[in-house]
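Notes follow the structure.
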Amino acid sequence: MANTPGAAVNASPPNEQSRASASWIFKLSLAYFGVNITWAGPGQVLMAPQIQWLTENTPLAFFTKSTEVNLSIIGTSAGILALISTPLWGALSDRTRSRWGKRTPWMALGMAILVVTLVITGFAWSLPALMVAWLANQAAINAVISPMSASIPDQVPSEQRGLVSGWYGFAYTLAVVVGTALGTAATAIWPSTTGIAMGYILVAIACLISMLPFLLDRWERDAPQPDREPFAVRDIVSIYWVDLKKNPDFGWAWLTRFTVTLSSAIALFYLYLFLQNAVGLRRDDVAGDGLRVSDGVLILTGVYALSVFLTVVTAGSWSDKIGRRRIFVLGSAMLYVVASLMMAFAPTFSVVVVAAVVLGLGTGIFTSVDFALVSEVLPSAEDNGKDIGIINLAIGLPNVLAPVIAAYAVTQLGGYTSLYLVSAVLAAVGGVLVYRVRSVP
């Protein structure tokens, strides 16, 4: 990354935009809740036991006898696909002209595919089938999220982005809670693989209901249509490229988000198995006393979410008022460090609950303020979708690397203690890197 200071062009200057209405913010947040619930339920409480059951009861093909490794294979493959598709969907939406606008058609298509692939994933009969269905599912998620995220710099003035990003983060966290609750309820009501399949179905229904108001609102009907050449094959390389010599702050903002997100992704990737193998909670499919693993995940998710809610909107609004972003990002990263160290050295359920509180406070701050910071270093308004897609690679790439790093830490570096030490170091590095962003205070 270039280290020479340089002010990026504000992608959407405040004097060119009117303030976003409360109705628009609500529908956007509800839609973002809907798309994120589709990974939250599976990722938190459905995918791990599903892979565990398929590993123990079906032919393995090219998979292994280790649930951890199989989970890593599928997670890494999905992450790689996300890396390829995320900027692509954004770039395609930048160049789209239609009566429904440029972002809405891609979000609608993604939602339709997402709902179908969720149901198919729930009924996967083998690990290869699960992998194929989940890959299609992840591609569809990015077809929704890239255009949706680009709508914020499209529609929201700079002085309001902390607030809007806060509600965006609120929706994300609520999706984690509700998705986890739906998955936990399904596995408690229905037995074995039936409960897992029903969990996917409930999540698909919740996604459909939540996204429709935003898609049907036709909020883009008065938006200017892009006057650009149609997308061509020769443009593919440019989709994944930003000139960092001209836009160094974009690069440093990307690296900050990548490092902190990787810390969080590593910490949470094996949460289900950490609670089962290190903390000692009871497997969901084993009778007995004490908390089931999925019950523990639900409790932690609820505690974490309440903590996020305490800071996510407040921090974003506060950063708008005082006109500063970086100090919030640094503070949130340090909270990530504290939570990771607690889980590394005190793997008891009571301590993990406290760690969830600390992590939630940090996540609330980071989620709202980091997005607002990122939106202010986008190179060009006409490429908001593409550039947001590249920025979102700082979320997608950690999801590729986290399974590999987590598996290596657990199996080769000393178990879950090493896993959470790696997470703490990464969070600390990310908090420091944000101060390389010079054009945003």
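The values are calculated or read from the model by the stated rules, or taken from the named source; none is laboratory data. No experiment lies behind these values; they were computed from the predicted model shown. Positions of Cβ are backbone-derived with ideal geometry, glycine not excepted, and every protein chain shown enters the neighbour counts.
Can you name the condition, by its number, that residue 278 falls short on among (1) within 21 Å of the chain's Cα centre (by Cα); (2) closer than 23 Å to residue 410 by Cα; (3) among the aliphatic types (A, V, I, L, M); (4) modelled with pLDDT of 90 or more? Of (1) within 21 Å of the chain's Cα centre (by Cα); (2) closer than 23 Å to residue 410 by Cα; (3) among the aliphatic types (A, V, I, L, M); (4) modelled with pLDDT of 90 or more, only one is false for residue 278: (1). Checking each residue in region 153-188 for being of a type in the set (Ser, Thr, Tyr) and farther than 24 Å from residue 199 by Cβ picks out 158, 165, 168. Considering the conditions (1) surrounded by 13 or more Cβ atoms within 10 Å (Cβ to Cβ); (2) assigned to a helix (DSSP H, G or I); (3) modelled with pLDDT under 65, residue 234 is excluded by exactly one of them, (1). Quick check on residue 296: is it crowded, with 22+ Cβ neighbours inside 10 Å, at pLDDT 90 or above, on the phi < 0 side of the Ramachandran plot and in contact with a Leu (Cβ under 8 Å, 6 or more places away or on another chain)? In short, yes. Tell me whether region 286-297 contains one or more residues that are assigned to a helix (DSSP H, G or I), small (Gly, Ala, Ser) and closer than 30 Å to residue 373 by Cβ. No; the residues of region 286-297 include none that is assigned to a helix (DSSP H, G or I), small (Gly, Ala, Ser) and closer than 30 Å to residue 373 by Cβ. In region 117-132, the qualifying residues are those that are crowded, with 20+ Cβ neighbours inside 10 Å and touching a helix residue (DSSP H, G or I) at 6+ places or on another chain (Cβ under 6 Å), and the one that is farthest from residue 104 (Cα to Cα) is 127. Residues that are over 30 Å from residue 372 (Cβ atoms) and without any contact (Cβ under 8 Å) to a residue 24 or more places away in the chain: does region 255-272 have at least one? Looking through region 255-272, none of the residues is over 30 Å from residue 372 (Cβ atoms) and without any contact (Cβ under 8 Å) to a residue 24 or more places away in the chain. Residue 312 meets all of the listed conditions (1) among the aliphatic types (A, V, I, L, M); (2) touching a Phe, Trp or Tyr at 6+ places or on another chain (Cβ under 6 Å); (3) more than 27 Å from residue 426 (Cβ to Cβ) but one, namely (3).
Would you point out which residue out of 33, 62 is in a loop (DSSP other than H, G, I, E, B) and either of a type outside the set (Gly, Ala, Ser) or free of Cβ contacts under 8 Å to residues at least 40 places away in the same chain (or both)?
On the way: 33 fails: in a loop (DSSP other than H, G, I, E, B).
Sole residue among the options that is in a loop (DSSP other than H, G, I, E, B) and either of a type outside the set (Gly, Ala, Ser) or free of Cβ contacts under 8 Å to residues at least 40 places away in the same chain (or both): 62.
Taking every residue in region 422-441 that is of a type in the set (Lys, Arg) and pairing it with any residue that is assigned to a helix (DSSP H, G or I), at least 6 positions away or on another chain, the pairs with Cβ-Cβ distances below 7 Å are 436/252; 438/249. The sole residue among 387, 383 that is closer than 24 Å to residue 81 by Cβ, touching a Leu at 6+ places or on another chain (Cβ under 7 Å) and touching a residue at least 60 places away in the same chain (Cβ under 8 Å) is 387. A residue that is among the hydrophobic types (A, V, I, L, M, F, W, C) and farther than 24 Å from residue 419 by Cβ cannot be found anywhere in region 345-361.
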